[in-house]
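Only one structure is covered here, and it is reproduced in the block below.
Since every read-out is calculated from the coordinates, none of them should be taken as a lab result. Keep in mind that what you see is a predicted model, and the values were worked out from it rather than measured. Every residue, glycine among them, receives a Cβ derived from its backbone with ideal geometry; neighbour counts consider all protein chains shown.
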Amino acid sequence: MAPMDGHHHRSTTKVSHKPFKSRHASKGALKEKSKGQVEGSDRGVRRTPHQQVLSKLDRRNQAKQKRVGKHAEHVEATKVFAGRDGAPRVVAVVPLTEDVSAKLAVRSLNGCLDLEEDVPEQGVARVNIERFKQKVQYMIVGRDLLAALDACRVADFVVFVLSAEQEVDQLGELILRSVESQGVSNVLAAVQGLDSAEPPKRRPQILGSLKSFITHFFPAQEKVHSLDNRQESLNLMRSLCTTMPKGVRWREERSWMAVEEVRWPSGKAAATDEEAKGEVVLTGVVRGKGLKADRLVEVGDWGTFQIEKITAAPLETRKKGKGDDMAVDLEGQDAVLDQPTEDQDTLADLAPEEAVMEDIDDYPVSVAPSERKGVLLDDHHYFSEDEDDEATRPKRLPRGTSKYQSAWYLGDMSDSGSDLESVAGDDEDDEDMDGPANPADGMEGIDVNGREPTEAAPSEYPQSEMFMDPSPEDEAEQIEAYRTQRKQEAEDDLEFPDEIELHPHVLARERLAKYRGLKSLRTSHWETDEDRPYEPESWRRLLEISDYKGARARVTREALVGGVQPGTRVNVHLRNVPLSLQSTYNPAKTLPLFSLLRHEHKRTAVNYSITLNSEFEQPLKAKEELVLQCGPRRFRINPVYSASGNTPNDVHKSDRYLHPGRSAIATFIAPITWGSVPALFFKRVVPEDEGSADGEDTAMDAESEQTNEGEVQLIGTGTSLPPSTSRVIAKRIILTGHPYKIHKRVVTVRYMFFNAEDVHWFKALQLWTKRGRSGFIKESLGTHGYFKATFDGRINPQDAVGVSLYKRVWPREARALKAGEAL
């Protein structure tokens with residue numbers, strides 16, 4: 001390669017120094033210039049704790065402050081269990097298989113501490129553990145879904161007992177899923193019969209399998225304790241006595257207690273008189289927030305009651321007397337701790353009727369549907385005014401057309417090249433040709449304004465030819481063939497889930513009198529005055545909350561102060577309790593007591609989010625009976641489902657079915673529940689052969705199946721949402737028609753309506769097609785419901801024309817689950 005001319009290497013010895021720009025500033029001049037300024041190289045710079053340079057003394061002080069803070073937090077959380085009169089730690093023992101026993105599990109836990117206490121098969125067992133200076137109250141539960149849910153609602157710790165031989169069955173898994181969904185405090189797992197598993201090398205595999213199973217529901221579980229091993233049982237007891245319970249959020253916002261004893265009034269026979277009521281005393285330890293006599297209490301499935309008074313109920317403790325004698329200390333027994341005041345809540349769950357009657361006069365008077373002349377579109381009835389004075393354009397008809405025949409023409413086709421011309425008709429010529437119009441000809445034979453139809457030259461378009469109604473037999477066959485074809489298409493592609501079909505002999509304006517039109521489901525105003533004749537009787541008496549967040553904050557703050565302090569053992573005297581509940585009370589099952597927040601007994605239109613389990617394969621129909629458990633209460637509900645989300649007009653489309661794995665909003669009328677509280681939805685699965693047989697055996701089988709908890713499924717879970725009586729749930733129906741004749745943007749539609757009056761009634765509604773076109777009804781054709789419509793573009797002959805109608809769906813009343821009633 002030829003050498004490059006003028007090439008040279010860059011110099012490497014050249015050094016460029018920074019220029020001195022301070023000129024002649026001396027040290028004194030610089031000090032004078034920066035007088036009063038503080039060096040701020042680190043100002044405005046945020047440093048993380050790792051970047052902060054602390055001295056050794058500061059680091060020690062910081063560590064001490066953290067240690068003292070954690071200790072104070074632990075003491076505050078566990079002070080309810082501390083001391084001689086501290087509350088016991090409530091431990092629920094739940095077996096998940098048939099071959100394990102909760103009673104033997106409790107005996108194993110007591111045996112590792114050398115405690116000899118009587119343990120019942122089911123019920124409550126209380127022990128005092130001197131080694132850890134704690135008291136433990138066991139709640140021994142059988143394989144019963146409701147009993148397990150009640151025990152876990154008031155438990156600080158839940159111990160699930162697994163088997164080393166059998167797998168968890170369907171009922172055990174149902175209990176696991178239900179307890180997890182309702183909210184649970186600390187969870188521990190134990191296994192029975194591990195030492196009897198042969199060969200011994202299988203035991204680690206069994207433990208690993210059980211741990212994998214329990215961590216699927218409770219991922220925080222680190223170990224499955226073996227109750228056959230004394231040391232592992234001791235470790236389990238140490239966890240129960242020293243661990244701080246994390247609690248359940250919705251439960252800690254209220255006052256609650258596990259009832260230890262129920263005292264019924266003496267001298268009254270509850271079994272003979274079902275209407276007899278009296279004062280019942282419940283004994284237990286107050287937990288959560290302070291228990292107030294002014295608030296109502298929810299006692300298991302008994303219902304809601306008022307408190308007469310709250311008295312102290314300390315345990316009998318023995319102290320040394322003179323000499324070696326022992327004296328019973330009953331100091332403070334039956335001391336009144338709290339009594340109701342004038343602010344006590346009443347049991348009324350609806351507003352007084354007098355207040356509602358006073359407000360009725362202020363409401364505008366709604367017009368009966370029969371007085372209208374057109375369907376309601378948004379907030380206006382179109383075509384309801386008298387149209388006698390309106391100027392209408394004359395029809396363009398071929399010459400020689402009679403008044404009766406003019407009703408079957410498609411009308412104007414504005415075209416400058418057409419030979420149609422508007423010519424005023426001659427009354428005398430029409431009378432000579434066909435005579436006056438007869439009533440048997442229908443209203444179509446007479447113009448609505450009393451004018452005679454005009455005539456014009458024959459049309460050059462096929463759409464302008466005379467329209468003839470088909471015979472009833474041919475039309476019935478065509479309708480049946482068309483609907484059969486549409487049903488087959490619907491099975492392949494569910495594009496019209498809300499489509500309905502009207503019978504030809506049914507008047508649509510009467511069949512769909514409650515329906516209205518909306519220009520936009522999300523933004524159009526919903527006129528509520530039209531719904532007043534159809535609303536439930538108690539709708540105006542329901543609780544209305546304008547500011548939910550503010551009201552909830554006030555109610556929650558109110559529960560923080562006052563009342564009997566947590567950790568106090570009390571007697572709660574309930575007022576007007578039906579004595580017939582004594583026959584359904586079972587001391588072996590847990591009876592929880594929850595204090596309701598203010599207004600939580602009042603009924604309103606409540607909303608709950610619901611998500612169906614993916615394992616529930618059948619779609620859930622709206623208004624199908626379910627059992628809801630939310631917080632301390634259970635209801636039988638028939639909810640209506642609607643789409644979730646917020647809309648500007650608070651109108652939401654109703655869902656006829658809720659499909660597996662999908663979410664919706666369930667709405668019904670029930671007492672309000674403040675806050676976001678977990679909700680469980682149960683459904684009893686009916687066997688296929690339950691309704692096939694008859695006789696006494698069938699009735700007995702059905703009764704046994706209702707009480708069998710294995711037939712109940714947890715079909716979905718959810719959360720309580722803010723209630724609202726202004727939330728409109730709109731049921732949508734779709735009427736579809738077939739494009740019979742098409743000329744550019746003008747289409748003749750059939751099979752949507754079957755008489756001209758219905759066409760005129762729904763004339764204001766907007767039409768749409770499956771392929772995205774929109775249009776409006778122009779005029780009726782004939783007497784069989786055919787009409788002419790104008791669209792915003794040319795439509796496809798295979799397209800379908802539809803119109804949407806909406807009706808408000810009202811939620812149904814919920815019924816509280818009675819005591820002793822199965823799910």
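Per-residue counts of other Cβ atoms within 10 Å, averaged by peptide: what ranking do you get for 98-111, 19-32, highest first?
With the highest mean Cβ count within 10 Å placed first, the list reads 98-111, 19-32.
Under the rule of at least 5 residues apart or a separate chain, name every residue whose amide H is placed under 5 Å from the amide H of Leu781.
Tyr786, Phe787, Lys788
Just to be sure I understand: if I project the alpha-carbon convex hull of the stretch 79-247 onto a plane and average over all orientations, what area do I get in nm²?
9.2
Which ³J(HN,Hα) values, rounded to whole Hz and listed in residue order, are derived for the stretch 607-615 from phi using the Karplus coefficients 6.51, -1.76 and 1.60 in 6.51 cos²θ - 1.76 cosθ + 1.60 with θ = phi - 60°, glycine and proline given as x?
Values, residue by residue: 10, 9, 6, 9, 10, 6, 5, 5, 6 Hz.
How would you order 630-643, 237-250 from highest to lowest mean count of nearby Cβ atoms within 10 Å?
Ranking the peptides 630-643, 237-250 by packing returns 630-643, 237-250.
How many angstrom lie between the Cα centre of the stretch 617-648 and the Cα centre of the stretch 156-195?
Using only Cα atoms, the two centres lie 28 Å from each other.
Grab every C-alpha pair in the stretch 21-156, bin the distances at 10 angstrom width from 0 up to the longest one, and report whole percents.
Binned Cα distances yield the sequence 9, 22, 17, 12, 11, 10, 6, 6, 6, 2.
With θ set to phi - 60° and the Karplus curve 6.51 cos²θ - 1.76 cosθ + 1.60, what are the ³J(HN,Hα) couplings of the stretch 624-639 in order, to the nearest whole Hz, using x for Gly and Pro?
Each residue's phi maps through the Karplus curve to give 7, 5, 10, 10, 10, 10, 9, x, x, 10, 10, 9, 9, 10, 10, x Hz.
Using a Cα distance threshold of under 23 Å, what count of lysine pairs results for the stretch 763-822 when pairs must be 8 or more residues apart or interchain?
Lysine pair count for the stretch 763-822: 7.
Rounded to whole Hz and in sequence order, give me ³J(HN,Hα) for the stretch 237-248 from the Karplus expression 6.51 cos²θ - 1.76 cosθ + 1.60, θ = phi - 60°, writing x for Gly and Pro.
Once rounded to whole Hz, the list reads 5, 5, 5, 5, 8, 10, 6, 7, x, 7, x, 10.
Over the stretch 533-606, one equal point on each Cα, no solvent: what is log10 I(q)/I(0) by the Debye formula at q = 0.14 Å⁻¹?
-0.80
5 Å is the cut-off here: which amide hydrogens, built 1.01 Å from N in the peptide plane, fall below it relative to Leu162, excluding neighbours closer than 5 in sequence?
Ala190, Val191, Gln192
Return the long-range amide H neighbours of Ala82 (sequence gap of 5 or more, or a different chain), with a cut-off of under 5 Å between placed amide H atoms.
When sequence neighbours closer than 5 places are left aside, the close amide H contacts are Ala87.
Taking the Cβ of His225 as the center, what net charge do the other residues with Cβ under 12 Å away carry, scoring Lys and Arg +1 and Asp and Glu -1?
+1
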